[in-house]
Amino acid sequence: MSVYSETVMDHFRNPRNVGEIADADGVGEVGNAKCGDIMKIYLKIEDGIIKDAKFNTFGCGSAIASSSMATEMIKGKPVEEALELTNKAVVEALDGLPVQKIHCSVLAEEAVKAALKDYYDKNGIAYDAAIFGEKA
């Protein structure tokens, strides 16, 4: 019996949205020094809607599956809705992750938020710093 759900295995074996967006409107890169995973998310945003999302992840199968699922979950969504993406939602969409791999879903949430913050910064859009875990 596998410790990974069929959904995790599918997103690991057949990841969606792998690659880069050359003229991305927002790019976020995060990493976890403890496990060595590095996740980079690229966003194409038009009229406040995420038209495309791609990722490059260096890491384990759970990190790749989490990146793949996160990009699927935010494509076509308004920026404000994408900001609400949580690692818990990613884990649920993947039908679970082993406890020791939950940090991979946290990285996916952080990468999406980092890309959205980059988009806000590049476009001079005001935002509440607390959304991104920053102190005002």
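Tallying residues that are at negative phi and in contact with a strand residue (DSSP E or B) (Cβ under 7 Å, 6 or more places away or on another chain) within region 69-110 yields 10. In this structure, is SER68 hydroxyl-bearing (Ser, Thr, Tyr), buried (at least 19 other Cβ atoms within 10 Å of the Cβ) and out of contact with any Leu (no Cβ under 7 Å at 6 or more places or on another chain)? Against the criterion (hydroxyl-bearing (Ser, Thr, Tyr), buried (at least 19 other Cβ atoms within 10 Å of the Cβ) and out of contact with any Leu (no Cβ under 7 Å at 6 or more places or on another chain)), SER68 qualifies. Number of residues in region 42-65 that are farther than 17 Å from VAL27 by Cα and exposed (fewer than 14 other Cβ atoms within 10 Å of the Cβ) equals 1. Of all the residues in region 39-58, those that are under 17 Å from CYS104 (Cα atoms) and either out of contact with any Gly (no Cβ under 6 Å at 6 or more places or on another chain) or at pLDDT below 95 (or both) number 6. Within region 116-127, residues that are surrounded by 12 or more Cβ atoms within 10 Å (Cβ to Cβ) have Cβ atoms under 8 Å from residues that are of a type in the set (D, E, K, R) and not in a helix (DSSP H, G or I) in these pairs: TYR119/ASP25; LYS122/ASP25, counting only partners at least 6 apart in sequence or on another chain.
Regarding region 102-123, can at least one residue be identified that is part of a loop (DSSP other than H, G, I, E, B), touching a Leu at 6+ places or on another chain (Cβ under 7 Å) and farther than 30 Å from SER2 by Cα? Reasoning before the result, please.
Narrowing region 102-123 to residues part of a loop (DSSP other than H, G, I, E, B): 123.
With the extra rule that they be touching a Leu at 6+ places or on another chain (Cβ under 7 Å), the set shrinks to none.
No; the residues of region 102-123 include none that is part of a loop (DSSP other than H, G, I, E, B), touching a Leu at 6+ places or on another chain (Cβ under 7 Å) and farther than 30 Å from SER2 by Cα.
Evaluation of ALA65 against the conditions (1) more than 16 Å from SER105 (Cα to Cα); (2) in contact with a His (Cβ under 8 Å, 6 or more places away or on another chain) shows that the sole unmet condition is (1). Of all the residues in region 88-99, those that are modelled with pLDDT of 95 or more and in a helix (DSSP H, G or I) number 6.
Taken together, the criteria exclude ILE102 from residues that are touching a Phe, Trp or Tyr at 6+ places or on another chain (Cβ under 7 Å) and either at pLDDT 95 or above or not charged (D, E, K, R) (or both). Of everything in region 1-23 that is under 19 Å from ALA89 (Cβ atoms) and β-branched (Val, Ile, Thr), the residue that is nearest to the chain's Cα centre (by Cα) is VAL8.
The values are calculated or read from the model by the stated rules, or taken from the named source; none is laboratory data. Computed from a prediction, not measured in an experiment: that's the story for all the values here. Cβ: placed from backbone, ideal geometry, glycine included. Neighbour counts: every protein chain shown.
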